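Everything below concerns the one structure shown next.
Nothing in this text is a laboratory measurement; each read-out follows from the coordinates by a stated rule. The model shown is predicted, which means the values in this text are computed figures rather than measured ones. Glycine also receives a Cβ, built like all others from the backbone with ideal geometry; neighbour counts cover every protein chain displayed.
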Amino acid sequence: MKKTIKAAVAASVTGVLALTGCSTSGGSDSGETINVNAFSVMEAANVPVLEDFEGTDDGADVTFKTSYGASGDQSRGVVDGAPADVVHYSLETDVTRLVGEGLVAEDWKDNATNGIATSSVVVFVVRKGNPEGIETWDDIVESGVEIITPNPGSSGSARWNILAAWAHVTGNGGTEAEAREFVAKLLNNTIALPGSGREATTAFTDGSGDVLLSYENEAILARQNDADVDYIVPPDTLLIENPAAVTTDAGDAAKAFLEFMTSPEAQADYAQSGFRPVVDGVEIEDVDGANDPADPFPTVEQLWTIDDTFNGWAEAADKYFGDGEEGNPLGIITELQQTTGQVGEE
């Protein structure tokens, strides 16, 4: 059946393509080449979107070259000279880094979706049948629960995960001190901090840990790839919003592709990979791998947002994840990682 849904704010993956490097998709050598530089989770999800764009007039003679990896690493790579016409990252700060370098225009958010191309929510991925009975944030900090989450030092998804845990405390009336204590418990239960969201999913589906903190779409993709897991959308969680932009040297086809990414057709493609649409009126077929394929994106009881709960990434990035370099203070989460010894993999 088809279900028409509203944008998300209202509401192993081993065996997929390689984590990094370039690949090409269709097109004619006589047309424009679009270099897509994105965070690792987008790799499989982008395949049908690229193909559908190639079927449009704007994409008829286009060749795609793609590069995927941890969001922060991808963004820093573009600063260092990696080719990019369209960038699609986990965090706004990975785009604003490029704005600061003059590689993306300052007005990149001036469009109907405020620069957001895909969205999801933070969920708990658990073993089949949920043997540990994990339903809420409080359950995952119980003694003996083994957590896997990516490293906030390199992975955008990790930052969403940790801030969702923080919001669980402060959003429900807790103090910052109580939030620190809660996140410290979470980190002390963490047995692995892989470098990217995709690597974290692979570690979990390979058998490590009791619970994986992840994107809803990543959980759905894991089940689509026959991973023997379940996932839980907790009663309160954080809306994940993934930005995309064109670089200042991008051609007309790249600009057309960026616009296509938020079209109903592309958003329906992304929904099939588990992403919540960022525009209204998207018609979606049943989503394989979702808890309820006919109603794949249930309304969250309490959905925190980065803007309303943390005053946006411009403030949250330094406050929580500052690296302490050049005389700047350590961010709260960075400090907690160091005091707990959970510095993770780069």
Give the aspartates and glutamates whose C-alpha is closer than 19 Å to that of Lys185, dropping any in the same chain fewer than 8 places away, or say none. Glu132, Glu135, Asp138, Asp139, Glu142, Glu146, Glu176, Asp210, Asp236, Glu335
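Of Ser196, Ser273, how do they rank once you tally other Cβ atoms within 10 Å and put the fewest first?
Ser273, Ser196
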Take the Cα coordinates of the chain, assign each an equal point scatterer, and use the Debye formula without solvent to give log10 I(q)/I(0) at q = 0.09, 0.10, 0.11, 0.13 Å⁻¹. -0.44, -0.55, -0.67, -0.96
Once the stretch 29-186 is represented by equal point scatterers at the alpha-carbon sites, with solvent omitted, what log10 I(q)/I(0) does the Debye formula produce at q = 0.09, 0.16, 0.18 Å⁻¹? -0.41, -1.02, -1.15
Where does each of Thr248, Thr96 land when they are ranked from fewest to most other beta-carbon atoms within 10 angstrom? Thr248, Thr96
Convert each backbone phi in the stretch 215-232 into a coupling constant with the Karplus relation 6.51 cos²θ - 1.76 cosθ + 1.60 (shift: θ = phi - 60°), then list the ³J(HN,Hα) values in order as whole Hz, x for Gly and Pro. 6, 4, 5, 5, 5, 5, 4, 4, 5, 5, 9, 6, 5, 8, 9, 10, 9, 10
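Once every DSSP H run of n ≥ 4 in the chain is given -39500 (n - 2.57) and the sum is divided by its residues, what mean residue ellipticity at 222 nm do you get, rounded to the nearest 500 deg cm²/dmol?
The helix contribution divided over the chain gives -10000 deg cm²/dmol.
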What is the extension gain from Asp280 to Thr299, computed as 0.36 nm multiplied by their sequence separation minus the C-alpha to C-alpha distance, in nm to one decimal? 5.4 nm
Give me log10 I(q)/I(0) at q = 0.13, 0.23, 0.28 Å⁻¹ for the stretch 253-306, Debye formula, one equal scatterer per alpha-carbon, no solvent. -0.38, -0.91, -1.09
I need to check one value: relative contact order of the stretch 162-264, counting alpha carbon pairs closer than 8 Å and at least 6 residues apart, in percent. 22 percent
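What percent does the relative contact order of the stretch 244-346 come to when contacts are Cα pairs within less than 8 Å and at least six residues apart?
Result for the stretch 244-346 is 11 percent.
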Kindly write out, for the stretch 38-44 in residue order, the coupling ³J(HN,Hα) from the Karplus curve 6.51 cos²θ - 1.76 cosθ + 1.60 (θ = phi - 60°), rounded to whole Hz, with x marking Gly and Pro. 9, 6, 4, 4, 7, 4, 5
Which whole number of Å³ per residue matches the convex hull of the alpha-carbon atoms in the stretch 188-309? 158 Å³
Ranking of Val343, Val41, Val169 by count of other Cβ atoms within 10 Å, fewest first: Val343, Val169, Val41
Rg to Rh quotient for the stretch 57-125, alpha carbon positions, Kirkwood Rh: 1.00
